[in-house]
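A short worksheet on the structure shown next.
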Amino acid sequence: MSESVVVHDGIDESKRMWVAATCGVGAVAGLATAVPFVSTFAPSERAKAAGAAVEVDIGDIKVGEKKTVEWRGQPVWIVRRSPEMVASLSKDTAELADPDSKRNPDEQTPPYARNEHRSIKPDVLVVVGICTHLGCSPGDKFAAGAQPSLPADWPGGWLCPCHGSTFDLAGRVFKNKPAPDNLRVPPHMYLSDSRLVIGEDKKEA
């Protein structure tokens, strides 16, 4: 007497059981593979959200260029200024609201950036790219001279499109603008001439 085979919807029941068993094993194997992958990356994302330091290669930033990286969910701008850009910082002092970065220094400007160029190295500026008025992101206006919404003697810097606040190439806010403070300089330090850490400024002994 031949063995009976049950068929549902044109599929051999014995094959159905084999397929189900294979899929089950595959699912378990897939899960075993996925869990280590997820757990490897999850701490890094949590660390970033909590404000972990970010290491950045700045060796590829050319003079006059800006690189943007994310730290604590905020854009941080790294600008390599030309000698002419650095020299221009002393020419607009009288027009600035806080040229010496004395307002809220503990929040806005670390001790090593409380200078005219607001940076560790004169040619490299590191600032948080968020306007101190209402949190908008200012636009690059690096070229000097008259431009729409800017004065004829514009020295170069940033213009916030929301309410017109302007900042020079050291992130210092001009007088009579809505923004109350200069752009924030985040904690940072150099590991080498081309490696920068944002979020830390004290090297371990």
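The values are calculated or read from the model by the stated rules, or taken from the named source; none is laboratory data. What you see is a predicted model, and the numbers here were worked out from it, not measured in a lab. Using ideal geometry, Cβ is built from the backbone for each residue, glycine included, and neighbour counts are taken over all protein chains shown.
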Handout entry: Tally, over the range 77-112, of residues that are among the aliphatic types (A, V, I, L, M) and farther than 20 Å from Thr166 by Cβ
Key = 1
Fill in the blank from the handout: Checked the range 56-70 for anything among the aliphatic types (A, V, I, L, M) and over 17 Å from Gly156 (Cα atoms); matches are Val56, Ile58, Ile61, Val69
Exercise for the section: Evaluate the following for Ala152: is it in the same structural domain as Gly73 (by TED's automatic domain parsing), assigned to a loop (DSSP other than H, G, I, E, B) and either touching a strand residue (DSSP E or B) at 6+ places or on another chain (Cβ under 7 Å) or modelled with pLDDT of 95 or more (or both)? Expected result: no
Practice task
Among the residues of the range 166-186, count how many are within 25 Å of Ile61 (Cβ to Cβ) and either surrounded by fewer than 17 Cβ atoms within 10 Å (Cβ to Cβ) or over 20 Å from the mean Cα position of the chain (by Cα) (or both).
Solution key: 2
Problem - Of residues in the range 113-144 being surrounded by fewer than 18 Cβ atoms within 10 Å (Cβ to Cβ) and among the polar types (S, T, N, Q), the one nearest to Ala94 (Cα to Cα) - result: Asn115
Exercise for the section: Return the only residue of Glu107, Glu70, Glu95 being in contact (Cβ under 8 Å) with a residue 12 or more places away in the chain and surrounded by 14 or more Cβ atoms within 10 Å (Cβ to Cβ). Expected result: Glu95
Practice task
Out of the residues in the range 74-106 that are at pLDDT 95 or above and touching a Pro at 6+ places or on another chain (Cβ under 7 Å), state the one that is farthest from Ala143 (Cα to Cα).
Solution key: Val76
